[in-house]
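Heads up: the structure comes next, in C-alpha cells.
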Amino acid sequence: MALSVSAPILSLSFHQSGEQTILFGYRQQKRLSSGRRSRSSIGFGAEKARKSRVRRFPICRAVPPLLFKDLDADDFRHPLDKQNTLLLRAIPGLNEFGKALLGSMTEQIMLLENIGTSVLVSKNQLSDLHGLLVEASEILNIEAPDLYVRQSPVPNAYTLAISGKKPFIVVHTSLIELLTRQELQAVLAHELGHLKCDHGVWLTFANILTLGAYTVPALGQMIARTLEEQMLRWLRSAELTCDRAALLVAQDPKVVVSVLMKLAGGCPSMADQLNVDAFLEQARSYDKASSSPLGWYIRNAQTSQLSHPLPVLRAREIDEWSRSLEYRSLLKRANRTVQNV
C-alpha cells in the first residue's frame, strides 16, 4: 500500500476532486477502472473534539516490545503475495519497463514536491512521531526511512521508493487525528512492510501505469489493459502482507483490526464507540453471505478492480494469522530488549 503523490506532472493525490485516484497507502480501497472518475473527500468536522485532545505519541507498553532481529520478508509474506509476485516476474520485460518509467526526473519531482509541501519528521521535529517510526523499524529489523507529515483532510499514508535512493513515508494529518498512538505505529509498520518486502518499484510503476498509461495512445493503452488486472491482484495481496508487518510491530491483532475498522467507517468524535469484536463479526457475516455461487460472483465483481482488499476481509485475514502457528513461531524467535524510544 504505498504511493499517492501530488506533483506538477504526476497528479496522483486524493485532494484533487474529479480525477481518477490510485491508493497505495494504508487506507481503504479505491476502484481503479479506466474511464471512471472518482471523488474522495472527508470533511474537517469535529473541531471541538480535536482541540480538546492532547496527543503524545510514545507508547507506554506493559512490557518492552519483541524485536525480530533476523526477520526476513518471506517469514511473513502472504501466500497470495508470493504467488502473484512470481506471476509478475514471469512477464517478459516488466521490470525493465518499470525502471524505464521511473527515471531520475520522476524521482526528483516526487521528492521535491514532498519536501516543499510537508513537514520532515526528525529527532528535533515531531520527535514523538519520530520515536514511533524508529521503534517500528527496530522491531522489523529495517533501516528507518524519512517520514513526512502532510496537511490533508483525507486519512492516508503512503511510501515512495525509487532507484535505490532513501525511501520515505508520508502520513496525512487527518490520519494522525483519527488513530491512537498504537494504531498510528501499526500504520507506519504497514508502510515499512512495503519496504521490507521490496514492493517500492512495482508499487510506483503500478501507480504510473494504471493512471498515466491510459493517456498514451496505442502502446500505452494496450500495455495498461494487459497488465492492470494482474497488477491489481498483486497489489491486493501485497496489502495483506503489510498488514502482517503491522501486527508484528503492534503485537496485538485488535490494534491492526481497529485501524481497518476506523478507515472503513470511523471519525474522531465516535472513535471511543467503535467495537473491534463487532467488526470481526461483521467480517464473518460477509464471508457467510458471499459463500454461495451468486455471492462469490458478486464478491469477485466488487473486488476485481480494487487496489486494496475490502476492510472486512483484511480484518478477517489478520485475525486468522494472529492465531496461526506461523505467527506464534515468529514470536518465539523474537528477542525482548529494553525499550529506548
* To do: Evaluate E = 1/(1 + (r/R0)^6) for Ser324 and Gln282, where r is the Cβ-Cβ distance and R0 equals 22 Å; express this FRET efficiency to the nearest 0.05.
  => 0.55
* Structure fact -> Per the 1/(1 + (r/R0)^6) rule, R0 = 45 Å and r from the Cβ atoms of Asn141 and Thr173, FRET efficiency to 0.05 is 0.95
* Can you give the extra length, in nm with one decimal, that the chain gains between Val134 and Asp198 once fully stretched, where that is 0.36 nm per residue apart less the Cα-Cα distance? -> 21.2 nm
* Once the piece of chain linking Ala90 and Ile298 is laid out straight, how much longer is it, given 0.36 nm per residue of separation minus the C-alpha distance between them? -> 71.9 nm
* Asked: Listed highest first by mean packing, meaning other Cβ atoms within 10 Å per residue, what order do 141-154, 181-194 come in?
  -> 181-194, 141-154
* To do: Quickly work out the Met270-to-Leu112 label distance, labels modelled 7 Å from Cα along the C-beta direction, and quote it in nm with one decimal.
  => 4.4
* Scan around Leu66 for amide H atoms under 5 Å from its own, H built in the peptide plane at 1.01 Å from N, and keep only partners 5 or more places away or cross-chain. => none
* **Label-point separation, Thr180 to Arg61 (7 Å along Cα→Cβ), nm** => 1.5
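Laboratory data are not the source of any read-out in this text; all were calculated from the coordinates shown. Bear in mind that the values here come from a model prediction, so they are computed numbers and not experimental data. Positions of Cβ are generated from backbone atoms using ideal geometry, with glycine treated the same way; all protein chains shown enter the neighbour counts.
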